[in-house]
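Coordinate-derived values only; no laboratory data. These numbers were taken from a predicted model, which means no experiment stands behind them. Cβ coordinates were reconstructed from backbone atoms using ideal geometry, including for glycine residues, and neighbour counts include every protein chain displayed.
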Amino acid sequence: MDNYTLPEILRTGSNELELVSFRIYEDRPTGLYEWILGANVAKVREVLKMPTITRLPNMPPAVEGLAEVRGEMIPVISLAKWMGIDEPPQRKKYLLHLEFLREHVGIIVHDAKRIIRVSWQDIRKAPEGLNQLLKGRITGIVDTEEGTTLILDLEGIVHDLGLLKVFELEEVEKIAKKERKHYKILVAEDSAVARKIIKDILESAGHTVIECEDGESAWNKLMELLEKASKEKKNIKEYIDLVFTDIEMPQMDGLTLTKKIKETPGLMHLPVIVNTTLSDEANRTKAFTVGADAFLVKFNAKDMLELIDKLGDKT
């Protein structure tokens, strides 16, 4: 996969994704262990042979330094060091050039295999013991012909290394002091780190947050509220004003969730904000194709609150 240019992501609302399958090898007393890992194609710009890395002082051990990629200096993370494992000597290494959260990041891996297609519905939670081995940073696991593949919470890893940025956070206090309406907001987000950041921002502005760990649990909650509204002869907006959803989630992705909301009588008038790490134009287009009312790249606190003010009263 040297210098491989990645294909277009899958059709809108299909509840499928493509993963770049890669490997980290661990040198254990019992022999070589192969970690089979995956990253969403939409986050991977390209797979490169290892570039020259410029070391930097006072960085976390897992941050190797900076590398020049396509004329830009980007931070480079050693996944093996972050995992805390012993690397085998002289393994071939590659750089995954990632773009998400408005940033470019490089991740060192030992081998990059191929692209695999999976359904979000087949992705399940990792056993707690396994997840803790990787510091709670497994989004999900899925069985493929290559074996059990672990999908990493890249947001969480970047956060752990102090590289995650929340923009305009200082504006939250100013906005919160203004006279404004407070809304009941359902947040569908599988990353615990991202969910806490979003919840803290929304609650600091006086909003009520209903947390859901994935698209399917969000859909089930909406169905529960819709049934309650129907029995009580009320509008759904008596119970929820707005939906905030990530795109990448196990069981049901955010595009599929948005599509289902916008096709369901009683729910279709609910404003939906797609809030994602995927900052490319293709995902923005896909979000609006399935009926999203807004598209927001994580994490801009000011934009988040201003969008809620704008859309909260939409009927």
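Tabulated data
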| item | result |
| --- | --- |
| Chain lengthening between Arg28 and Lys81 when straightened (0.36 nm per residue, less Cα-Cα) | 17.6 nm |
| Extension gain, Arg114 back to Glu145 (0.36 nm per residue minus Cα-Cα distance, nm) | 10.0 nm |
| Cα→Cβ-extended label distance, 7 Å offset, between Ile36 and Glu211, nm | 3.2 nm |
| The range 170-311, relative contact order [Cα under 8 Å, separation at least 6], % | 24 percent |
| Surrounding net charge for Val243, when Lys and Arg each add one and Asp and Glu each subtract one, Cβ distance under 13 Å | +2 |
| All-pairs alpha carbon distance profile, the range 170-311, 10 Å steps from 0, percent | 12, 45, 35, 8, 0 |
| Separation of the Met223 and Asn235 label points, Cα + 7 Å toward Cβ, nm | 2.5 nm |
| Helix 215-231 axis, angle to the chain major axis (alpha carbon atoms, nearest 10°) | 10 degrees |
| Contact order relative to length of the chain, as percent, for alpha carbon pairs under 8 angstrom and 6 or more apart | 17 percent |
| Ellipticity estimate at 222 nm from DSSP helix runs (n ≥ 4, -39,500 (n - 2.57)) divided over the chain, nearest 500 | -8000 deg cm²/dmol |
| Hull-based mean projected area of the range 91-205, where the convex hull spans the alpha carbons, in square nanometres | 9.7 nm² |
| Contour minus Cα-Cα distance for Lys314 and Gln90 (0.36 nm per residue) | 74.8 nm |
| Over 31 Å between alpha carbons, listed pairs Lys93/Lys199; Lys181/Lys260; Lys49/Lys196 | Lys93/Lys199; Lys49/Lys196 |
| More than 29 angstrom apart: percent of Cα pairs within the chain | 39 percent |
| Computed over the range 4-160: relative contact order in percent, which uses C-alpha pairs under 8 Å that are six or more apart | 25 percent |
| Efficiency of FRET between Arg70 and Thr285 - r from beta-carbon atoms, R0 22 angstrom, step 0.05 | 0.40 |
